[in-house]
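Here's the structure we're looking at; comments come further down.
The values are calculated or read from the model by the stated rules, or taken from the named source; none is laboratory data. Bear in mind that the values here come from a model prediction, so they are computed numbers and not experimental data. Positions of Cβ are backbone-derived with ideal geometry, glycine not excepted, and every protein chain shown enters the neighbour counts. SASA here: full protein model, heavy atoms, side chains in, ligands and nucleic acids out. Shrake-Rupley method; radii C 1.70, N 1.55, O 1.52, S 1.80 Å.
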Amino acid sequence: MIDEAVRDNAAWCDTMCRAHGRPGVFGPLAWTNPARTPVLYPDAVTLSPDAGPADVLGHIDAGSGASVKDSFGTLDLPGFDVLFTAQWIARPAPGAPERPLRAATGDPIVWEVAADPRALEEWAQACFSGGAPGLFPPALLDEPHVRLVCGRIGGDVVCGAALSASGTVTGVSNVFASGCDESAAWEGTVAMAAELFPGRPLVGYESDPSAALAHGFTTLGPLRILLKP
């Protein structure tokens, strides 16, 4: 399952880069991008614990600010520092929720897919508190395997996530709670994954996986983000 999680995440990174007109390249041991990738996204993702420096360097812009997702925590990359560590996570395919989706306050949360540019902008504003303008371009709305989902209370976006299906799994990323409790955000995300991509296990990674673990996920193993100062 960790291999599925790694490849799904690399596919999501490539989708984001293609939406910005900068597609990457899948090699035998790593996904790389010769152009600098969008902010918050790596320039390379290792696909195997056997990946070495030669599989990454020379295939990316390795100058200051370059980042590499060391998916198995095994890559010795000269000149790069560890920015942070995280854990891959996974859970079995979820079923439909057994109760209405509500915030801890008791307010009902109405979940939907951000299906047009205005809804996409609302999603991005809530996810990043307005701090990453243009990161999620409208081209993402045309990706059949991607769904940006959000929960609303009284019309306002209060939580959400990105779902990206590849292989046999659905990737979960960018889970946020900007106007409700974190548990409600994860509960709704899992419910939307069950509705939109039924029968697929869920995968992703989190620096702090505690909220995900409370909603049926388990940890698979560590990863590191490496940064060139």
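Computed from Cα atoms, the angle from the helix 182-196 axis to the main principal axis of the chain rounds to 90 degrees.
Per-residue Karplus couplings for the stretch 8-25, computed as 6.51 cos²θ - 1.76 cosθ + 1.60 with θ equal to phi - 60°, are listed in order as 5, 5, 5, 5, 5, 4, 5, 4, 4, 5, 5, 5, 9, x, 10, x, x, 10 Hz, Gly and Pro entered as x.
Could you tally the net charge around Asp61, taking each other residue with its Cβ under 13 Å from the Cβ of Asp61, Lys/Arg +1 and Asp/Glu -1?
Details: positive: Arg22, Arg36, Lys228; negative: Asp43.
Spelling it out: positives minus negatives among the neighbours equals +2.
Across the stretch 130-136, computed HN-Hα scalar couplings (Karplus, 6.51 cos²θ - 1.76 cosθ + 1.60, θ = phi - 60°) run x, x, 9, x, x, 5, 10 Hz from first to last residue, x flagging Gly and Pro. Taking amide H positions as modeled 1.01 Å from N, with prolines and chain starts lacking one, the residues under 5 Å from Gly27 and 5 or more places away or on another chain are Thr32. Distances between placed amide hydrogens fall under 5 Å for Ala103 paired with Ile109, all partners being 5 or more residues away or on another chain.
Count Lys and Arg as plus one, Asp and Glu as minus one, and take only other residues whose Cβ is under 15 Å from that of His20; the net charge is then -2.
Taking Val39, Val158, Val149 in turn, the Gaussian network model of the chain (Cα-Cα springs below 10 Å) assigns the largest fluctuation to Val39. Shape class for the stretch 106-158, computed from the alpha carbon gyration tensor (a ≥ b ≥ c): oblate, with a/c not under 1.5 and a/b at or below b/c. For Tyr205, nonlocal amide neighbours, meaning residues 5 or more places apart or on other chains whose placed amide H falls under 5 Å from its own, are Ile89. Quick one: net charge of Gly171's neighbours, Cβ under 10 Å, K/R +1, D/E -1? With Lys, Arg at +1 and Asp, Glu at -1, the net is 0.
Please report the equivalent ellipsoid semi-axes of the stretch 140-229, computed as sqrt(5 x eigenvalue) of the Cα gyration tensor, largest first, in whole Å.
Working: eigenvalues 86, 60, 44 Å².
After diagonalising the Cα gyration tensor, the semi-axes are 21, 17, 15 Å.
Springs between Cα atoms under 10 Å define the GNM used for the chain, and in it the highest mean-square fluctuation of Thr37, Thr170, Thr74 occurs at Thr74. Tell me, what % of the accessible area of the chain is carbon and sulfur with a 1.4 angstrom probe? Here carbon and sulfur together make up 54 percent of the probe-accessible area.
Computed on the Cα atoms alone, the convex hull of the chain gives a volume of 112 cubic angstrom per residue.
Scalar couplings 3J(HN,Hα) for the stretch 91-98, obtained by applying the Karplus form with A = 6.51, B = -1.76, C = 1.60 to θ = phi - 60°, are 8, x, 4, x, x, 5, x, 8 Hz; x denotes Gly and Pro.
On average, how much accessible surface per residue is there in the stretch 131-221, in Å², for a 1.4 Å probe, leaving out ligands, DNA and RNA? That works out to 37 Å² per residue.
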